[in-house]
Every structure is written in structure tokens, then in C-alpha cells.
Amino acid sequence: MILFKTEAGQRAIKDRSVIVTPRQRSAFILFDGKRSMDEVVAAGLGVTREDVEQMVALGLLVPADGAAPVVQTAAAPSPAAVAAPSPVPADTPAAAPMSHQQRYQAAYPIATRLTAALGLRGFKLNLAVEAAANWEELVGLAPKIRAAVGTDRAVELDRALGI
């Protein structure tokens with residue numbers, strides 16, 4: 001399936017109003033209306049079909065369907081509508097268990113915000129967080145983040161990671 005970037009998607013990626021993983025951001029660049037989803041997934045960026053399908057669901061990409069690119073200008077996704085799933089407290093009985101990918105998507109922006117607030121002293125830690133490609137890697141960095149920002153500020157991250 002050939003995919004095009006939407007105008008709203010380009011705006012959202014540029015102003016970072018939509019939370020996507022670094023790999024999704026890199027893959028977004030490759031969607032030029034000429035490459036298929038399979039080509040982008042096979043490009044070696046680590047992006048999966050589910051990642052691409054999520055970008056389509058968010059309105060960042062649209063299928064070509066053999067026609068000219070569809071530009072969505074009136075229905076730009078609102079940040080609230082496309083934000084990462086909010087972490088659900090473990091004691092909520094009706095909460096469905098979150099997958100590791102969902103937990104990663106919820107925790108990544110929290111971790112980057114916490115480490116970015118450290119300034120220069122947290123620069124290496126911030127780079128490590130940005131390089132974390134999955135839930136397991138982010139969980140591995142959680143103790144370092146907790147030590148740097150304090151236990152009370154890391155509670156939100158721990159909850160999002162499910163640890």
C-alpha cells in the first residue's frame with residue numbers, strides 16, 4: 001500500500017503536537033507517495049506495520065488508492081485526540097492490560113520531559129532515552145532517571161511503564 005503524508009500530519013510532526021516514537025518519525029519522512037508500506041518497514045528503521053497503521057489512524061498518513069494525494073486541511077488532529085494513551089493505574093479493575101508498545105508510547109514522552117528538564121547535567125541520559133527504541137530499553141533506563149530526578153518526580157514514569 002502506497003501512503004502519502006497529510007498536510008495535517010506534516011504540521012503535527014513539525015510542531016510535535018502528536019506523540020510518535022523516534023522510529024515512527026524517521027519512517028514518516030520516507031513516505032513520499034512512491035514507497036509502499038512494505039518498503040518503508042523493510043528499510044531497516046525498526047518500524048513495524050503496527051507503527052505505520054497507528055500513523056494512518058492518527059491521520060498523519062493516508063493511502064494513495066491509485067489517486068492523487070489526499071490533503072486533509074480541515075480535520076487536523078487535535079493534540080488531545082492523538083496523544084499517547086494515558087497510563088492507567090494498576091488498581092483500576094476495569095482497566096485492560098496495556099501492551100509493552102502502548103506502555104512505551106505512554107512513557108517515552110514522560111521520560112524525555114523529565115530528562116530534558118535536567119539540563120546539561122542530564123544530557124547523556126536524555127540521549128539514552130531518545131535512543132531507547134522499546135519498552136525494555138526504557139525500563140532499563142528507569143533507575144537512572146529515578147536517581148537523577150528523584151523518586152517523587154519519577155512516579156508518573158513508573159506508572160506509565162507499569163513498574
Checking the cross-link filter: which lysines have an alpha carbon closer than 29 Å to that of Lys34, excluding same-chain neighbours under 8 positions apart?
Lys5, Lys14
Kirkwood hydrodynamic radius of region 3-67, from inverse mean 1/r over distinct Cα pairs, in Å
11.6 Å
Simple spin-label estimate for Ile163 and Arg25 in nanometres, 7 Å along Cα-Cβ:
2.2 nm
Please state the shape class of region 100-161: rounded when a/c is under 1.5, otherwise prolate if a/b exceeds b/c and oblate if not, all from the C-alpha gyration tensor.
oblate
Based on alpha-carbon centroids, what's the gap between region 113-128 and region 31-47 in Å, whole number please?
31 Å
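Coordinate-derived values only; no laboratory data. These figures come from a predicted structure and were not determined experimentally. In this analysis, Cβ positions are derived from the backbone assuming ideal geometry, glycine residues included, and neighbour counts consider all displayed protein chains.
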